[in-house]
Amino acid sequence: MGDIGTALVQQIHARGEDGHALCLIGACTTRRAAWVAPDRGPEALLGEMEEAAPPDWSAIMDRLTQEAPRPLVFVDATGAPDVAARYETLLQAGIHVVTPSKLANTRSQAAFDRLRAVAADAGVQYRYETTVGAGLPVVQTVRTLVATGDRVRSIRGVVSGTLTFLFSTLRDGCSFSEAVQAAVDRGYAEPDVRDDLSGNDVARKFLILARTAGYAIEPSDVQVESLVPDALAESPRDDFLRRLSGVDARWQKRQATAAAEDAVLQYVGRFSSEGIEGGLELVPDSTAVGQLGAQENLFEITTDRYADVPLVVRGPGAGPSVTAAGVLADVLKIARGACPSSLPA
């Protein structure tokens, strides 16, 4: 299983007696799939996945939509396009969907609207809190603002925990290539770290926030700066990481320039009614954005009500454990709504 999926299973098991209210019926990756017997808990799944057979998605979908008990929550932590393409079928079958994957929400505006409409028609929930900010309550905050009649004017922030970690590590004296490799090794990066370095991950997060805020925006309307060297853009993943040291000297100079100006390098994104953009900026080190470290995110949300002083959400925005915790929180919200007497408030 992937890092997030493994962490999620472990967190369900760690809930102890409370965890009995959540019955894990199975799990799969792109290479393995296993069903869990009703009398066995989530702790049994990790071992069974080692011996599991490759997934048969036709059979899995048939079992989920036709035989599995309800209420049922399908969690997608794969980041696989073919899995994201199945959300609509699952929702139509009365299955709740929870995901940290940004793929389904960053296709066309029509596709995004369709998923939310299908979920509403079927009376199930489509929750994607962890697509932005990992475990931080960012999507829910925007939803609540809109639901209570507020209007989101703009959102500014450092929204990639991977890039925050990268620039923090650069300030600590590591080379650019070492910092990127460290982000990969610690599970902070996307499956291909170029999704982070290209700005695509930032673009997707702001696209999701803008759409959640009620704006209609297509992916082609987003403009972000890429940090991927042109010569390595099409290289195989392992070759890309191996050759990345070729740009270390250039990044060392950029870091020195920032330090000389009492500033730090941060990748900052912005959304407003005029569109979405993101890129590398020199930020004064005395500001909140300039003081971000580790894999922190910071979101400044300006609305009609929060016009003079923006609403700020800040905290860790990357890592398997915090992302899995956010996924689990979404699952528990669904479970409490479906079976309010079975779970603590």
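Quick notes
- Of all the residues in the stretch 209-255, those that are under 30 Å from Gly149 (Cβ atoms) and open to solvent by less than 40 Å² (accessible area, probe 1.4 Å) number 7.
- Some residue of the stretch 47-59 being open to solvent by less than 20 Å² (accessible area, probe 1.4 Å), in contact with a strand residue (DSSP E or B) (Cβ under 7 Å, 6 or more places away or on another chain), of a type outside the set (Gly, Ala, Ser) and closer than 13 Å to Thr29 by Cβ: yes
- Criterion violated by Pro100 - all others in (1) surrounded by 21 or more Cβ atoms within 10 Å (Cβ to Cβ); (2) out of contact with any Asp or Glu (no Cβ under 9 Å at 6 or more places or on another chain); (3) touching a residue at least 40 places away in the same chain (Cβ under 8 Å) satisfied: (2)
- The stretch 291-345, residues that are among the basic types (Lys, Arg), modelled with pLDDT of 95 or more and either in a loop (DSSP other than H, G, I, E, B) or farther than 25 Å from Arg270 by Cβ (or both): Arg305
- Some residue of the stretch 256-267 being over 13 Å from Ser168 (Cα atoms), without any contact (Cβ under 8 Å) to a residue 40 or more places away in the chain, open to solvent by 10 Å² or more (accessible area, probe 1.4 Å) and within 28 Å of the chain's Cα centre (by Cα): no
- Candidates Glu178, Glu190 - the one that is farther than 15 Å from Gln266 by Cα and not in a helix (DSSP H, G or I): Glu190
- All of Arg153, Arg114 fail the test of being part of a helix (DSSP H, G or I) and either aromatic (Phe, Trp, Tyr) or modelled with pLDDT of 95 or more (or both), apart from Arg114.
- Of the residues making up the stretch 226-256, those that are touching a strand residue (DSSP E or B) at 6+ places or on another chain (Cβ under 9 Å) and among the basic types (Lys, Arg) number 1.
- Positions within the stretch 150-174 being closer than 14 Å to Gln255 by Cβ and open to solvent by 30 Å² or more (accessible area, probe 1.4 Å), in sequence order: Arg171, Asp172, Gly173, Cys174
- Selection over the stretch 104-149 of residues that are open to solvent by less than 50 Å² (accessible area, probe 1.4 Å) and touching a Gly at 6+ places or on another chain (Cβ under 7 Å) gives a count of 8.
- Test: residue in the stretch 201-219 that is farther than 16 Å from Thr106 by Cβ and within 19 Å of the chain's Cα centre (by Cα): no
- Residues that are more than 18 Å from the chain's Cα centre (by Cα) and buried (at least 21 other Cβ atoms within 10 Å of the Cβ) within the stretch 290-320 comprise Leu292, Ile301, listed in sequence order.
- Residue check for Arg243: in a helix (DSSP H, G or I), farther than 17 Å from Thr164 by Cβ and free of Cβ contacts under 8 Å to residues at least 60 places away in the same chain: yes
- For Ile276, the conditions (1) in a helix (DSSP H, G or I); (2) in contact (Cβ under 8 Å) with a residue 60 or more places away in the chain are fulfilled apart from (1).
- Residues in the stretch 193-225 that are assigned to a loop (DSSP other than H, G, I, E, B) and out of contact with any strand residue (DSSP E or B) (no Cβ under 9 Å at 6 or more places or on another chain) were compared, and the one that is farthest from Gln140 (Cα to Cα) is Val193.
The values are calculated or read from the model by the stated rules, or taken from the named source; none is laboratory data. Fair warning: this is a prediction, and the values are worked out from it, not measured in the lab. Positions of Cβ are generated from backbone atoms using ideal geometry, with glycine treated the same way; all protein chains shown enter the neighbour counts. Each accessible area value is taken on the protein alone, full model and side chains, heavy atoms only, with ligands, DNA and RNA left out. Shrake-Rupley method; radii C 1.70, N 1.55, O 1.52, S 1.80 Å.
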